[in-house]
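Encoded as structure tokens, the structure appears first; notes follow it.
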Amino acid sequence: MSSDGANDGDGAAKGLEALDEQPADEHAETPAIDEGRYLYCLVRADEDAALETTGVDDEPVSIVTENGIGAVVHACDGIYDSADLAQIRRWLVRHQTVVDEAGQAFGTPIPFQFDTILRGDDAAVREWLHEESETLERALSGLVDHWEYRVEVVEVDPISDEALIERDERLRELDEQIGGSGEGTAFLLEKQFDQRLTELRAARRESLTADLEERLAAKAREVHALERSPSAKLSNDITDTESETVRDSSDGSDESSDGEALCRLTVLAHEDDEEAIGSILDDVAANDGLEVRFTGPWPPYTFSPELGDDGTAADERANPQP
Amino acid sequence: MTAIDVGDGEDARQGLVTLVITVVEILIDALEREAVRRMESGNLSDEEIERLGSQLATIEAEIEQLKADEEIEDGVDDLRGDLDGLVNDAIEQLHGEPTATQNPGYSVFGGEGE
């Protein structure tokens with residue numbers, strides 16, 4: 001509640017400008033925001049809570065509280081959009097950092113997606129917190145001490161055809177038949193053999209995933225399967241510092257060419273169960289040729305309730321599919 | 001992928017051949033799968049299986065030769081990769097598979113002019 005003053009003059013001036021000459025020509029689709037609050041996350045916070053940090057685009061971050069719920073915000077007068085990927089990456093990292101810091105200071109936050117803006121001033125935020133207090137209270141208390149963990153099982157050393165043949169009677173049968181057949185028959189049998197190999201690989205992947213999901217579900221509150229390959233990825237080297245130099249070192253190997261992802265899961269778990277989950281993953285990693293990537297604790301991005309779609313007017317624009 | 005680029009001028013012929021061969025390859029794959037299915041079903045005599053197999057083997061060999069002659073092996077592979085991605089996306093959307101990753105974009109709450 002302290003860092004607001006620095007921004008007031010600036011914000012108001014821009015608000016007036018935006019009223020008079022809206023930049024509608026250049027960005028016909030972007031909504032005009034005279035005055036808004038960029039939302040990072042919601043936390044449990046008392047009246048006098050403060051968070052000293054800078055947010056997206058170096059804006060000073062403040063906390064607006066109402067009835068023990070605090071919204072981490074900064075004052076803004078427009079959405080954040082840029083054609084410059086490095087710029088967007090810096091914004092995203094700042095967004096993430098602020099949410100992380102808020103989480104460390106106040107416990108599990110309910111994070112907002114990047115570029116979520118509420119029209120109006122601090123009073124509007126307070127009003128919204130008040131209106132939604134029941135939902136928010138329930139969501140926050142439900143998530144207390146729970147964090148999101150990401151699990152990725154990668155096959156760094158794919159199981160060989162030989163190993164599969166050794167394990168599967170049908171493949172051995174086909175292998176023998178191929179040897180004793182005419183050319184045309186052998187051709188079809190080989191196709192059948194290849195199909196069987198593909199099926200076995202898929203079955204192995206599925207059973208491994210199902211088994212892991214089941215074991216994790218016993219320790220975690222929720223387990224979700226994600227797409228096997230991330231649909232969007234900024235870069236491996238998301239860092240706060242200038243990423244240009246870092247990127248060079250990893251170029252060429254940017255694609256995760258070091259193995260095929262067998263499954264990607266995201267887990268909501270109590271922080272006390274982190275070790276139990278780690279030991280389940282150790283078991284999986286003990287398998288030959290498998291590697292487990294475990295990250296967290298993250299703010300519960302995947303497990304946060306959907307807010308604001310219950311009649312409140314929201315302009316949303318999802319980027320068109322490429 | 002929203003467009004198939006066959007190139008222009010000098011490249012156009014090769015681009016078009018790549019496209020045609022890719023489509024033919026996909027068709028042959030489907031034929032082969034169907035042949036295997038029929039073989040498994042036990043409705044074909046040994047003689048029929050042998051004949052079907054050698055016909056398909058011949059076609060496949062011809063296609064491989066054609067790709068090598070035209071130097072479009074990589075082009076065909078790339079295009080098939082793109083098409084696979086396209087089809088997978090379509091299937092996943094159809095099944096409503098879990099997509100925890102939300103679409104990027106912005107959200108602005110609070111009505112205009114309030």
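The values are calculated or read from the model by the stated rules, or taken from the named source; none is laboratory data. This is a predicted model, so every value here is computed, not measured. Positions of Cβ are backbone-derived with ideal geometry, glycine not excepted, and every protein chain shown enters the neighbour counts.
Numerical summary
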{"item": "Matching residues in the stretch A:105-142 - criterion: being more than 10 Å from chain B (Cβ to nearest Cβ), surrounded by 22 or more Cβ atoms within 10 Å (Cβ to Cβ) and in a loop (DSSP other than H, G, I, E, B)", "result": "A:T108, A:P109"}
{"item": "Among residues of the stretch B:26-45, those that are of a type outside the set (K, R), part of a helix (DSSP H, G or I) and surrounded by 11 or more Cβ atoms within 10 Å (Cβ to Cβ), counted", "result": "11"}
{"item": "Given (1) under 14 Å from the mean Cα position of the chain (by Cα); (2) under 19 Å from A:R196 (Cβ atoms); (3) not charged (D, E, K, R), number of the condition B:I49 does not satisfy", "result": "(1)"}
{"item": "Conditions (1) modelled with pLDDT of 90 or more; (2) within 14 Å of chain A (Cβ to nearest Cβ); number of the one not met by B:A68", "result": "(2)"}
{"item": "Residue selected from the stretch A:172-190 under the condition touching a Leu at 6+ places or on another chain (Cβ under 8 Å) and crowded, with 18+ Cβ neighbours inside 10 Å, by the criterion nearest to A:E274 (Cα to Cα)", "result": "A:L174"}
{"item": "Residues located in the stretch B:75-114, provided they are within 11 Å of chain A (Cβ to nearest Cβ), in contact with a Lys or Arg (Cβ under 9 Å, 6 or more places away or on another chain) and modelled with pLDDT of 65 or more", "result": "B:G105, B:Y106, B:S107, B:V108, B:F109, B:G110"}
{"item": "Residue match in the stretch A:207-226 (condition: in contact with a Lys or Arg (Cβ under 8 Å, 6 or more places away or on another chain), modelled with pLDDT under 90 and within 14 Å of A:V153 (Cα to Cα))", "result": "yes"}
{"item": "Count of residues meeting criterion [at negative phi, out of contact with any helix residue (DSSP H, G or I) (no Cβ under 8 Å at 6 or more places or on another chain), surrounded by 12 or more Cβ atoms within 10 Å (Cβ to Cβ) and not in a strand (DSSP E or B)] in the stretch A:288-310", "result": "2"}
{"item": "Answer residue from the stretch A:177-205, given it is farther than 24 Å from B:E50 by Cα and away from every other protein chain (no Cβ under 14 Å) and is nearest to the chain's Cα centre (by Cα) among those", "result": "A:R205"}
{"item": "Pairs where the first residue, in the stretch A:265-294, is within 30 Å of A:A139 (Cα to Cα) and the second is part of a strand (DSSP E or B) and of a type in the set (K, R), C-beta under 6 Å, 6+ apart", "result": "A:T266/A:R150"}
{"item": "Subset tally (residues that are buried (at least 17 other Cβ atoms within 10 Å of the Cβ) and assigned to a loop (DSSP other than H, G, I, E, B)) for the stretch A:191-226", "result": "1"}
{"item": "Unmet requirement for A:D84, which otherwise passes all of (1) more than 15 Å from A:L140 (Cα to Cα); (2) in contact with an Asp or Glu (Cβ under 9 Å, 6 or more places away or on another chain)", "result": "(2)"}
{"item": "Contacts under 6 angstrom Cβ, first residue in the stretch B:31-44 being more than 7 Å from chain A (Cβ to nearest Cβ), partner in a helix (DSSP H, G or I), 6 or more apart", "result": "B:L44/B:R38"}
{"item": "Conditions (1) over 30 Å from A:D283 (Cβ atoms); (2) out of contact with any helix residue (DSSP H, G or I) (no Cβ under 7 Å at 6 or more places or on another chain); (3) crowded, with 21+ Cβ neighbours inside 10 Å: number failed by A:V56", "result": "(2)"}
{"item": "From the options A:L212, A:L226, A:L216, residue that is under 22 Å from the mean Cα position of the chain (by Cα), within 11 Å of chain B (Cβ to nearest Cβ), under 22 Å from A:W147 (Cα atoms) and touching a residue at least 24 places away in the same chain (Cβ under 8 Å)", "result": "A:L226"}
